[in-house]
1. Inside 10 Å of the C-beta atoms of B:99-106, what's the mean count of C-beta atoms belonging to other chains?
2. Identify which of B:His183, B:His59, B:His85 has the largest mean-square fluctuation in a Gaussian network model of chain B, with springs joining Cα atoms closer than 10 Å.
3. For the stretch B:46-61 and the stretch B:200-244, what is the separation of their Cα centres, given in Å?
4. Enter the mean projected area of the convex hull around the alpha-carbon atoms of chain C, in nm², rounded to one decimal.
5. Can you return the lysines within cross-link range of B:Lys173? Criterion is Cα-Cα under 24 Å, with same-chain partners fewer than 8 residues away left out.
6. May I ask you to evaluate 6.51 cos²θ - 1.76 cosθ + 1.60, the Karplus curve with θ = phi - 60°, for each residue of the stretch C:178-183 and list the ³J(HN,Hα) values in order in whole Hz, giving x for glycine and proline?
7. Based on other C-beta atoms within 10 Å, arrange C:Trp56, B:Trp113, B:Trp121, B:Trp179 from fewest to most.
8. If you rank B:Val53, C:Val27 by fewest surrounding Cβ atoms within 10 Å, what's the result?
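No lab work stands behind these numbers, since they all come straight from the coordinates. This is a predicted model, so every value here is computed, not measured. Here the Cβ is made from the backbone with ideal geometry for all residues, glycine too, and neighbour counts use every protein chain on show.
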Amino acid sequence: MLDALRTFLGMGGYAAFVWPALILTAVVLVSMLVLSLQDLRRAERTLQGMEPADRPRRRRGAA
Amino acid sequence: MANLHRFANPAQFQRLSRALLPWVAGITAILFVLGLYFALFASPPDYQQGDTVRIMYVHVPSAWMSLFCYTFLAVAGAVGLIWRHPLAFMSARAAAPIGAGFTFIVLATGSLWGKPMWGTWWVWDARLTSVLILFFLYLGHIALSRAFDDPARGAKAAAVLALVGAVNVPIIKFSVDWWNTLHQPASVSRLAGPAIDSSMLPPLFLMAFAFMGYFFTLLLIRIRADLASRKVQALRVAALAAAE
Amino acid sequence: MSTFWAIVARDVRLAVRGGTESVMVLVFFVLAAILFPFGVGPEAEVLRRIGPGVIWVVALLAAMMSLERLFSADHEDGTLDLLATSPAPLEIVFLAKAIAHWLTTGLPLLVAAPVLGVFYQLPGPAFGVLLLSMLLGTPSLSLIGGVGAALIVGARRGGVLLALLVLPLYVPVLIFAVAGVDAVIFDAPVRPSMMILAALLLAAIPLCPWAGGAALRQALQ
């Protein structure tokens, strides 16, 4: 069982290249996702804080 | 007040994206799980390149996505310039950094794939060199779109740049190929990578679709974020005007 | 048509009268090129190998130095608005400005190139091809660079941004121009590279004014 894990992690001797490549890919993709979600949450939170005070009347159908 | 209503129209997009997002994100997650399973466990190492071929399962889809994203920038730019649909410009602005990210992954994983295969961290092979130039095309697009006080101006200028770039990408590819055959490095004869065995196709395509799904997920999120922050801006401006 | 030549004449006159910018670009060209021997050593073999590439890269950078102000200066003093109201379409205005840029920057580089050929110990036949490559290549630099210059009108940090935008687009011209000169040095066919350089120029002549005109229109809105 442990042997199988070791073989897997060893990547046929190329572990020093394969794992950093995969991890780097994951890091880039995940951080882009996280940063974008943070921007979204921050903007939506600000929006929720603002709406009641800054919209005195709802103009339905107005240009 | 007119300002507010200009941003009220993207309500259509907001509704659509709110409905789509969980599905796109969910399918993407499933594709990643399946793709990684096949890439790391259920596919054999290459008879020549060994387990380094597993790097290909992220390197090649990233390369496809980096080209796809640039095409997306050009098409969105054209749509924005011709039909002036604001969502087109917002899509381009949201997509450019994603494309740059994919391009960076191509370069970095290419380097990590190259070291064990060709013995150096960087090789001026035609494909990698073209991708390097593409990376700078992305950086230029991102910088130009944010270089003006008026973001609309930036979006339009970047759209023209994307179209100019799109015309140039085939020319650049052609000239880099030419340059590469003139200066064939002695130690590397054919940097074509492994011949793709049929057992490699499932993980490759699964990962490719996963990356595509990731792109659209992230695109939707970024456009929603852009719309929200613009609404914040508009409300702030309206509040200032009302206070006078 | 008269607007076209008026623009070219005006720009050339301004450059000649203003004097210093064209001269400084030329001085930069020569100065930057002669730095390399200090870096790589004075061996003729080495210099001959890198010479065409160095001369062309430095020519690219020099061409770019005078591009930043190509349209920005006119935008600042209102000339661009005036030109927009003239009978000539913005595409023609762009072409005129690009030609003026070539006359005031590209042409001097072309004249100075043989001097650099001497510094880099290039063999005799290389000089002709070097000049031909510059004759065919530098107008493309003015045209492509002009599109960049039009895009950055009114932008913050225009100069650095211009370099980032334009240098990747210059790579094909660079590759084929240097390939041609290298070919004559290393006894290979020169014609294909020169034909491709000419083709790039022919493609740039209609396409760049089109893109540049669009960019200028955005700057004026």
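1. Rounded to a whole number, the mean comes out at 3.
2. B:His183
3. 32
4. About 11.9 nm², averaged over all directions.
5. Straight-line reach from B:Lys173, under 24 Å: B:Lys115.
6. Using θ = phi - 60°, the values come out as 5, 4, x, 5, 4, 4 Hz.
7. So the ranking, lowest neighbour count to highest, is B:Trp121, B:Trp179, B:Trp113, C:Trp56.
8. Values: B:Val53 27, C:Val27 13.
Lowest to highest Cβ neighbour count: C:Val27, B:Val53.
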